[in-house]
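Input: a single structure, listed below in structure tokens.
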Amino acid sequence: MKLVNAEKLCELQQDPCRIRNICILAHVDHGKTTLADSLVASNGIISNKLAGKLRYLDSRPDEQLRGITMKSSSISLYHIYNTTEFVINLIDSPGHVDFASEVSTAVRLCDGAVIVVDVVEGICPQTRSALSISYVEGLKPVLILNKIDRLITEIKLSPLDAYLHLTQLLEQVNAVMGELFASDIMEREEKEHTNVSTTENVMERNLADWQSVLDDIDDSNLYFSPEQGNVLFTSAVDGWGFSIKEFAQFFSTKLGFSEKVLLKTLWGDYYLNSKTKRILKGAQEKAKKPLFVQLILDNLWSLYETIVVRKDKDKIPSIAEKLNIKLTTRDLRHTDPKAQLQAVCSQWLPLARACINMICEKVPAPHSLSSEKIERLISGNAGFSTLPAETQQLKEAFLACNSSAEAPVIVFISKMFPTERESLPENKMKPLTAEELAQRKVAARQKHAEMLQRERSEERPNGECIDNSDKKSEEESATDDDIATSLIAFARIYSGTLKVGSEVYVLGPKHNPVKALEYQKAGEDIAATTLKDLQPGRHITKVTIEKLYLLMGRELEPITKIPAGNVFGIGCLEEHVLKTATLSTTIACPSFSELTSLAVPILRVALEPKHPNDLQKLINGLKLLNQADACAIVHIQETGEIILNTAGEVHLERCLEDLTLRYGKVEINVSEPIVPFRETVVPPPKVDMVNEAIEKKAEEVNLETWTVNRQCCFEIDAKPLPESVTKLLEKHADLLKWMDQHFSKFTKEKEDSLLEDCSDLNELSIQDSTVSDKQRKAIESFKNDLTIAFKEAGWKISLEMIWSFGPRKCGPNILLNETDYKHRNFWERQFKSTDPRLLYDSSMVNGFQLATLAGPLCEEPTMGVCFVVKKWQIFEDANSESGNLSQGHLGGHLMSACKEACRKAFNLRRPRLVTPMYSCNVLVNSDVLGE
């Protein structure tokens, strides 16, 4: 039976001090879901005996079948700590690497994280990822060292060896935290130092400088330490867990030491001198048992030895009496020793109580958000100072976590998750009252009488009745079609109170408050009704909230309002939210920064329906899948082929199952995984087959290319880029893309405003006022790094010679200009020029883009290639047509010829295919090493 109902939880949600938003993070199979079951059982939602077996928050059939969590699920729990009532919004997240995107959606909504580590397997790849994302997102982590029972029954360590093993594991976890902290501080210091000095000076900073910076910063609250109360020792499968605080309280009265002293000495190199009755330091040096072993682990090992190993049932009643717990007759007669152990331990050291007590004590409340985290949420990569004044004022609303009517409503939606429409609360069957039952009986009798009368009247003269089977089948099929999937928004409210009937703006991920405020001041209509109605460049829709839900694991509880600081669900937003969005009553609210990505969709397959008539059903199903899955990406190639991108094989299987059974309900054909290739060129070999040096000879090749109309001639050569330059371009692809979009947009605005005299356009540069200081510094830093990379590789070129990057003007290929033509500088788009070739500048660049987008070997994008334009001449033809028509013809010929010239040069310079390599870590038990 549930401890409290939804009304009680809603009452507690009114006070931010009583709210804790927490997620459970761990590597796969480290015990997250078993721990979550124990916490759920503490509220009477499931039986304590089913904890760890039911996997309550794994509601999908494939989750139960595979035994792994595939989605993030939330549930609100009630708890009393130190006479204060709390509501815990608990989110269980997957541990499998394929579903790392679900972890990102969970972490963004929380203030703290429970990091679960298997003490036998230790730190695994996803453990590092969990620690990293909790640090990046500014969460307060607490540590649970789980599966300690394996040290007793499986590895059979002694209590002292187990203690040493636990200390080493704790040091490893803290080492990871230290690495994250050090890299973060060094990155910040380097950025600040770059602002006031050159890159050379940054490179010259020695290790002592970095060490002094790290020593000056307080990191005492960063690490996990049992004496600080942020470490729990547990066995979730056996239902027990404790912190040293519980034993300090118990032994303080028994041994006569103060609780404060025991908190400092129960963990560490301390031992109890039995003669002097004093706690002394130096247990390891004097070969004494540490207090943690003597007072805690010895008792645990003795308990397991008695009940599980020796199976001595006669001693169980005396153990229960000493521990002051009560066991039922059924527990005492149970034939399974594990069940008896769980009955004892779950009462002696209840896991749920220890875990939630630690959460209530250590995890901050929603109104305790730090200024740094708030600024990062609302400004992302852009500086907080660059936001409009109206937007900066919203920071106070975040800090206050105010639920009053005057406070602006700010809600972030991290994902959309599916649920069957028939399982929604409003569509479920409700218990009927006696009056309603009586009315239904009367109505059923009347309906039955009418049916009998209709059958008599419809009888044919020969006594045959009309066959209504077709009509029934049509009704059944119509009913089946009506059963559809609804998408619920997984959200958290940071300010204000969201109510059913409230009108709010839905701000897309690309929403820019500066432009929105300008449109509003100009009197323009800023909000559309749905996503389909959005105009290009607009990212705001308006919606009336129809349904709000309290998330209770597999169930949804309808509510009428939700105050600030809570995690909840919103219905009927399918037409307004694609994957993530921000809801607010003001358009000055910015869109929240992008989720921290832990996995990239690398596995691609092509899809098609088995029956061509089902193509539209497949497309509709893919739209729902794209909305409901945070990591899946669906796109249609230029050839019309439908491509599904997923994070891995398990993720792909889940997506295909959802598409077939839930979203599209069509049979589909799936291709083999598509392997992406790249095309490149390599430098000539330095030695021959017998390892002798090859003499360098000038290669005589004809690189000259003419357009079809013989009006233009140029030479283009290809050579491999240094590996360091290629990696640098790949790393800064987003920056290059932003620069091109910024300059292109700014150029168009200038040209639109000065159509009559384009010669008056000033050159665009990164120094213009529309570029923020942070973006300008990022560009300058990238240019410095690029200059150094070229210099170290022995290339004597200047960045002004770079004409363009490709493909898509942001790829790892370069178009270099070595002619006398002064091209449009990529860094500072120059307009003033009297050279007639300026008219065809874009044609050359577009030809290069086409060549790098599809190489000559197998039409795959190129990488690591530098195309050098050595000569470019245009010859005026007196007989040709004049005006724009002739210019357009020559531009088209030039683009095509440039593409072919790049391909020709590529083929002449030792072309190669680049294949992807998948890197992974394989974890096995130590007993199978060498097999």
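Just wondering, is there one or more residues in the stretch 151-174 that are in a helix (DSSP H, G or I) and of a type in the set (K, R)? No: the stretch 151-174 contains no residue that is in a helix (DSSP H, G or I) and of a type in the set (K, R). Take the residues in the stretch 403-441 that are in contact (Cβ under 8 Å) with a residue 40 or more places away in the chain and aliphatic (A, V, I, L, M); name whichever of them is nearest to N626 (Cα to Cα). Restricting to residues being in contact (Cβ under 8 Å) with a residue 40 or more places away in the chain and aliphatic (A, V, I, L, M), the top hit is M416.
Here G847 does not qualify as modelled with pLDDT of 90 or more, more than 27 Å from H742 (Cβ to Cβ), of a type in the set (G, A, S) and surrounded by 17 or more Cβ atoms within 10 Å (Cβ to Cβ). M358 fulfils the conditions (1) at pLDDT below 95; (2) in a helix (DSSP H, G or I) except for a single criterion, (1).
Of the residues examined, A382 is not one that is assigned to a loop (DSSP other than H, G, I, E, B) and modelled with pLDDT of 85 or more. Is it true that S76 is over 28 Å from R128 (Cβ atoms), among the hydroxyl-bearing types (S, T, Y) and assigned to a loop (DSSP other than H, G, I, E, B)? Taking the combined requirement at face value, the residue does not satisfy it. Within the stretch 766-787, restricting attention to residues that are among the acidic types (D, E) and more than 25 Å from T726 (Cβ to Cβ), the residue that is modelled with the lowest pLDDT is D768. Of the residues making up the stretch 581-612, those that are of a type in the set (V, I, T), in contact with a Gly (Cβ under 9 Å, 6 or more places away or on another chain) and either within 25 Å of L644 (Cα to Cα) or part of a loop (DSSP other than H, G, I, E, B) (or both) number 2. Here the condition is being aromatic (F, W, Y), within 40 Å of the chain's Cα centre (by Cα), assigned to a loop (DSSP other than H, G, I, E, B) and at pLDDT below 85; of F826, F831, it holds for F826 alone.
In the stretch 525-548, of all residues being outside any loop (DSSP other than H, G, I, E, B) and touching a helix residue (DSSP H, G or I) at 6+ places or on another chain (Cβ under 7 Å), the one that is surrounded by the fewest Cβ atoms within 10 Å (Cβ to Cβ) corresponds to I540. For the stretch 331-355, a residue qualifies if it is over 21 Å from E305 (Cβ atoms) and outside any helix (DSSP H, G or I), and exactly one does: P350. The residue that is nearest to W267 (Cα to Cα), among those in the stretch 130-149 that are surrounded by fewer than 20 Cβ atoms within 10 Å (Cβ to Cβ) and either among the small types (G, A, S) or touching an Asp or Glu at 6+ places or on another chain (Cβ under 8 Å) (or both), is K140. Once the stretch 630-653 is narrowed to residues that are touching a residue at least 40 places away in the same chain (Cβ under 8 Å) and part of a loop (DSSP other than H, G, I, E, B), the residue that is surrounded by the fewest Cβ atoms within 10 Å (Cβ to Cβ) is G648.
Among the residues that make up the stretch 659-667, is at least one of them assigned to a strand (DSSP E or B) and surrounded by 15 or more Cβ atoms within 10 Å (Cβ to Cβ)? Checked against the condition, which is being assigned to a strand (DSSP E or B) and surrounded by 15 or more Cβ atoms within 10 Å (Cβ to Cβ), the stretch 659-667 yields no hits at all. Among what's in the stretch 788-803 and is closer than 16 Å to T726 by Cβ and small (G, A, S), pick the residue that is modelled with the highest pLDDT. That would be A789.
Could you list, in sequence order, the residues of the stretch 252-273 that are of a type in the set (A, V, I, L, M, F, W, C) and either closer than 23 Å to C360 by Cβ or in a strand (DSSP E or B) (or both)? L262, L263, L266, W267, L272 - these are the residues of the stretch 252-273 that are of a type in the set (A, V, I, L, M, F, W, C) and either closer than 23 Å to C360 by Cβ or in a strand (DSSP E or B) (or both). Just one residue in the set L622, L656, L615 is outside the structural domain of K510 (by the TED database) and either buried (at least 20 other Cβ atoms within 10 Å of the Cβ) or among the aromatic types (F, W, Y) (or both); that residue is L622. Within the option set L573, L551, being modelled with pLDDT of 90 or more, aliphatic (A, V, I, L, M) and assigned to a strand (DSSP E or B) holds for one residue only, L551. R66 passes every criterion in (1) in contact with an Asp or Glu (Cβ under 8 Å, 6 or more places away or on another chain); (2) at pLDDT below 90 apart from (1). Scanning the stretch 706-728 for residues that are closer than 24 Å to F782 by Cβ and either of a type outside the set (A, V, I, L, M) or free of Cβ contacts under 8 Å to residues at least 60 places away in the same chain (or both) turns up K719, P720, P722, E723, S724, T726, K727. Of the listed requirements (1) part of a strand (DSSP E or B); (2) crowded, with 19+ Cβ neighbours inside 10 Å, E557 misses just one: (2).
The set of residues from the stretch 96-122 being touching a residue at least 60 places away in the same chain (Cβ under 8 Å), closer than 20 Å to L923 by Cβ and not small (G, A, S) comprises H96, V97, D98, F99, V103, I115, V116, V117, D118, E121.
The values are calculated or read from the model by the stated rules, or taken from the named source; none is laboratory data. Being a predicted model, the structure only gives us computed values, none of them experimental. Positions of Cβ are generated from backbone atoms using ideal geometry, with glycine treated the same way; all protein chains shown enter the neighbour counts.
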